[in-house]
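Down below is the structure, laid out as structure tokens.
The values are calculated or read from the model by the stated rules, or taken from the named source; none is laboratory data. Please read all numbers here as calculations on a predicted model, not as lab measurements. Heads up, the Cβs are rebuilt from the backbone with ideal geometry, glycines too, and the neighbour counts pull from every protein chain shown.
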Amino acid sequence: MKRLRNPSILSILLTLLILTVLLVGLSCELTHPLLYRLVTLLEDAQRTVSELLTTAPTPAHPAYAVSGGRPYALEIIDTDTRQIVKRIPLSDFPGPSVAIAPNGKVYVPILGGPYGARNTVAVYTPGAHSAKEIRVGIDPWAAVASPNGMVYVINMERGRHGTLSVIDSKNDQVVETIDIGLIPEAMAISGDGRWIYVARHDPYYLYGKPFGFDPRPRPDEPPPAPATIAVVDTQEARVVRIVGFEEGSFSRALTWTKDKLYWSLGSSQVKPDPKATAGVVPGNKVIVLDAKTLNVLARIEVPPRPDRMALAPNGKLYVAHAIGGGGGGVTVIDTERDVVIKELPVRVGEGTGLGMATATQLYIDSLYVVDTTTDKVIVDPYDFTVRNPAIGPFDALVGAWSR
């Protein structure tokens, strides 16, 4: 970020005023709490003036990222220069998700840490110096934006009975709260915004106690299963269908494309075993579902622990996995044939942020850049023969542009 060369007269006056208050306070023996409060208020005012004097050009191709590291912030990245051009402070630990509404506003769930229990979403308007917060359900985890301007946020509600908050991005008001049940872990939205698919988890099912944490299971719950998907009709603002699966457990990501859903599950465990640690057996498949019927169309074998996914306009699906040579990598799937076509030579970890996959480029955590036409890595942040310093790591990385 660049600062104006000439300091503001107002900033200088505020500095002088702070010094004056300190001197007067000492000479008049003001009580310490009062003196501290006065100085704090003036310092806050000085920081505000400083922020207003800080200019950061709006990148032509920006990306927005969050991570669990401190200080908590929404980071704005110029993907052309590979520089973080601005950091917007967040009040607490963010969820691993960022959503961008059609009007350009950016939404970040504030999960809270180390055990959650926050109930807000940060809303950043491009060009602002800070983000405001609006109240949603408890433990907001992920967000998606609809073409009609609505933003949907899944709330884990302390792991008992999940909900879906519906935010109107025009006025940032919560207009609906939809009962989801169990623990929502991942979601996808159809291209027209009509349908939302929420992958859910029953934490006690694998220990032989289905619905052990949910005090009020939905009446339309299917027979207990290690993983389920709830289908939400956004026009009716309600769940219209829930389907149980024995394909794995611990949903990591759900992606919609045309008439199919792609679902990554972190564990292959499906049978209850009270003596086992749930989810220790890593998953190694991406499940392909018919978006209308939710029937399984294919099971694509990938390296262990498939994680976040990014879909390119050319039909290629990029799937991060946490285990493999060098600590993890990215698998490329052709969604026309539903087959693996390549493994990318990149190093990623669990929860890696996969950026927006465009017709020509994919941005990955630490700012790898991949040519989505050839699937060749064109920028490697760990190639020390070239000046491409790594930035991150990020838990979520999304773009607001296309190329």
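Summary of values
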| item | result |
| --- | --- |
| Evaluation of P62 against (1) touching a Ser or Thr at 6+ places or on another chain (Cβ under 8 Å); (2) modelled with pLDDT under 80; (3) of a type outside the set (S, T, N, Q) (one fails), failing number | (2) |
| Matching residues, segment 169-196, being under 23 Å from R216 (Cβ atoms), of a type in the set (V, I, T) and buried (at least 17 other Cβ atoms within 10 Å of the Cβ) | I178, I180, I183, I196 |
| Residue count for segment 209-229, restricted to those that are assigned to a strand (DSSP E or B) and out of contact with any Lys or Arg (no Cβ under 6 Å at 6 or more places or on another chain) | 2 |
| D307 surrounded by fewer than 22 Cβ atoms within 10 Å (Cβ to Cβ), out of contact with any Pro (no Cβ under 8 Å at 6 or more places or on another chain), among the acidic types (D, E) and in contact (Cβ under 8 Å) with a residue 12 or more places away in the chain | no |
| Selection within segment 247-278 - hydroxyl-bearing (S, T, Y) and in contact with a strand residue (DSSP E or B) (Cβ under 6 Å, 6 or more places away or on another chain) | S249, S251, T255, T257, Y262, S264, S267 |
| Failed criterion for I300 (all others in (1) surrounded by 18 or more Cβ atoms within 10 Å (Cβ to Cβ); (2) within 23 Å of the chain's Cα centre (by Cα); (3) within 30 Å of R241 (Cβ to Cβ) hold) | (2) |
| Enumerated strands (runs of 3 or more DSSP E) restricted to segment 85-188, each holding at least 3 residues that are over 12 Å from the mean Cα position of the chain (by Cα) and in contact (Cβ under 8 Å) with a residue 60 or more places away in the chain | 163-168, 173-179 |
| Count of segment 77-128 residues which are among the β-branched types (V, I, T) and modelled with pLDDT under 90 | 5 |
| Residue tally, condition surrounded by fewer than 20 Cβ atoms within 10 Å (Cβ to Cβ) and on the phi < 0 side of the Ramachandran plot, over segment 145-163 | 3 |
